[in-house]
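The values are calculated or read from the model by the stated rules, or taken from the named source; none is laboratory data. Remember, it's a predicted structure, so these values are computed and weren't measured experimentally. When we count neighbours, we look across all protein chains shown, and the Cβ atoms used for this are built from the backbone with ideal geometry, even at glycine. Surface accessibility is based on the protein's heavy atoms, side chains included, excluding ligands, DNA and RNA. Shrake-Rupley method; radii C 1.70, N 1.55, O 1.52, S 1.80 Å.
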Amino acid sequence: MLNKGVVRQFLAATAGSLSIMNVGIILGWTSPIMEELLGPNSPIPMTVDESSWFVSVIDWGLILGSLPFGVIADRWGRKPSLQIIGPMALATWVALLFIDTFLGLLIVRFAQGLLAAGAYTVLPVYAGEIAGPKIRGALGTMFQIMMYVGILFVYAAGMYLDYRQLTYAMMVGPVLFCALFAAIPESPHFYVMKNKLPEAKKALVWLRGDETGRSVDDEMDSVVECICKEMRNASFTELFTDWVSLKALIIVQGLSVFRVMAGVTALISYASITFAEMHVDVHANKLSLVFACSVLFSALPSTVLADRLGRRPLMIISCLWCFVFDTAIFAYFYADRCTEYDVTEYGWLCVLAVGGLSVAHTIGLGSLLSTINCELFPSNTRSIANAVNTITLTIVSFLALKIYPVLADGGGMYRNYLISSLFSLCSIVCCVLWLPETKGKTFAAIQAQLRKTDDLV
């Protein structure tokens, strides 16, 4: 029989992760409509170069929204910071029904970037703080799983709906999030930070499934002691002046770069144009749907493996296989465009390599980054550190999404995967040398571990 507390924690994490599902919908929405937008009957005509701005302008919203959401999460709470995402998302989809200019489209995409910043910045903190140490890794993977659910939803709907119909369908996500997340409690850690101890214990009792409250007393005392110690030096500058926090920040920023540059981030937005170059007699949008399925279902094992195998081994395995598959995809596109070999009959091997890349990326780089980011920082810098991480992810994503179609134009798709393979190779080295193991440890134990050693291993 499942423990009531575990069930409630998964329910809370799933409801909160509906915010990131809406981000997945926003990110994936560009792929199925790209062919229509670039076609002769486009509702909003644009060039190939303009299409790259259409895809990547969302990142400017992410950059500008991350730090404000980090501050709001520490001042007003994790839950209110997430709740405003639902109405914002619904408003952007409604606005798209009335916009018929490229500039208007860019403005709405920028606004969607702002709300995505909230989900990226606040959700990992919320999920990490409501979770017990033994299932924190599993709950952390819900972040990526629900994002892929959103992407799969929009890819599937995009096979049958045009631009306007698809926009209507996207409104389901915000409505569902607003309805379900309203019943979920605030993070107990936030209540303790604000010295609201009765509210903190009430939230902890609900999350642990103990209606009497007796079994959560020890955990409550541990949380209070840990946060009181951390809040004595509460300062934004501690993130950069404390050597242990700074090293943790460098590790997480490095993982963020490797996560984006492994290639899957660009594939999500440009799946249709990538598959179109693989000489496979299947429509690119159908292959995009299969790709989204592989990404989603490969995230499910990481829910179990993160708390059994551990963060560090899983990340090393992920980076290693990303390197293998990125190299294979590079080899196919290079042979197709730069040699005399006829590789058209091997297109399915490239499709399989893309599927392998999505699996390899998802089991580690894709699913564990938010968990690791939450675990390596104390309560007083956790939200700000996550905001800084979101900005790093965003800047790198913007550059990757901007250059992907430019490099791919004229048969240069292989250049994208040469770059990805080199970054994946570097990620293996960095994880082996510097990534610590945090499996099954409380936040207090992790901080104690990090401060006992100078090399974070």
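Residue count for the stretch 23-50 satisfying the condition of being part of a loop (DSSP other than H, G, I, E, B) and over 24 Å from Phe153 (Cβ atoms): 5.
Pairing each residue of the stretch 183-194 that is part of a helix (DSSP H, G or I) with any residue that is open to solvent by 30 Å² or more (accessible area, probe 1.4 Å) and of a type in the set (Asp, Glu), provided the two are 6+ apart or on different chains, yields C-beta distances under 7 Å for Tyr191/Glu199. Cβ-Cβ distances below 9 Å connect the following pairs, each with a first residue in the stretch 397-408 that is without any contact (Cβ under 8 Å) to a residue 24 or more places away in the chain, a second residue that is small (Gly, Ala, Ser), and a separation of six or more residues or different chains: Leu399/Ser56; Ile403/Ser52; Ile403/Ala266.
Would you be able to say whether some residue in the stretch 153-166 is modelled with pLDDT under 85, under 21 Å from the mean Cα position of the chain (by Cα) and either outside the structural domain of Ser383 (by the TED database) or open to solvent by 20 Å² or more (accessible area, probe 1.4 Å) (or both)? Within the stretch 153-166, one or more residues are modelled with pLDDT under 85, under 21 Å from the mean Cα position of the chain (by Cα) and either outside the structural domain of Ser383 (by the TED database) or open to solvent by 20 Å² or more (accessible area, probe 1.4 Å) (or both).
Restricted to helices (runs of 4 or more DSSP H) entirely inside the stretch 51-105, those with at least 1 residues that are among the aromatic types (Phe, Trp, Tyr) are 58-75, 85-96. Please indicate, with yes or no, whether at least one residue in the stretch 54-64 is touching a Gly at 6+ places or on another chain (Cβ under 8 Å), touching a residue at least 24 places away in the same chain (Cβ under 8 Å) and more than 29 Å from Leu407 (Cα to Cα). No, that holds for no residue.
Quick check: is even one residue across the stretch 318-325 over 16 Å from Met261 (Cα atoms) and surrounded by 18 or more Cβ atoms within 10 Å (Cβ to Cβ)? Within the stretch 318-325, not a single residue is over 16 Å from Met261 (Cα atoms) and surrounded by 18 or more Cβ atoms within 10 Å (Cβ to Cβ).
This table checks each residue for (1) under 30 Å from Val216 (Cα atoms); (2) open to solvent by 10 Å² or more (accessible area, probe 1.4 Å); (3) in contact with a helix residue (DSSP H, G or I) (Cβ under 9 Å, 6 or more places away or on another chain).
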{"residue": "Arg8", "(1), (2), (3)": "yes, yes, yes"}
{"residue": "Gly16", "(1), (2), (3)": "yes, no, yes"}
{"residue": "Ser19", "(1), (2), (3)": "yes, no, yes"}
{"residue": "Val23", "(1), (2), (3)": "no, no, yes"}
{"residue": "Ile33", "(1), (2), (3)": "no, no, yes"}
{"residue": "Pro45", "(1), (2), (3)": "no, yes, yes"}
{"residue": "Val48", "(1), (2), (3)": "no, yes, yes"}
{"residue": "Pro68", "(1), (2), (3)": "no, yes, yes"}
{"residue": "Ile72", "(1), (2), (3)": "yes, yes, yes"}
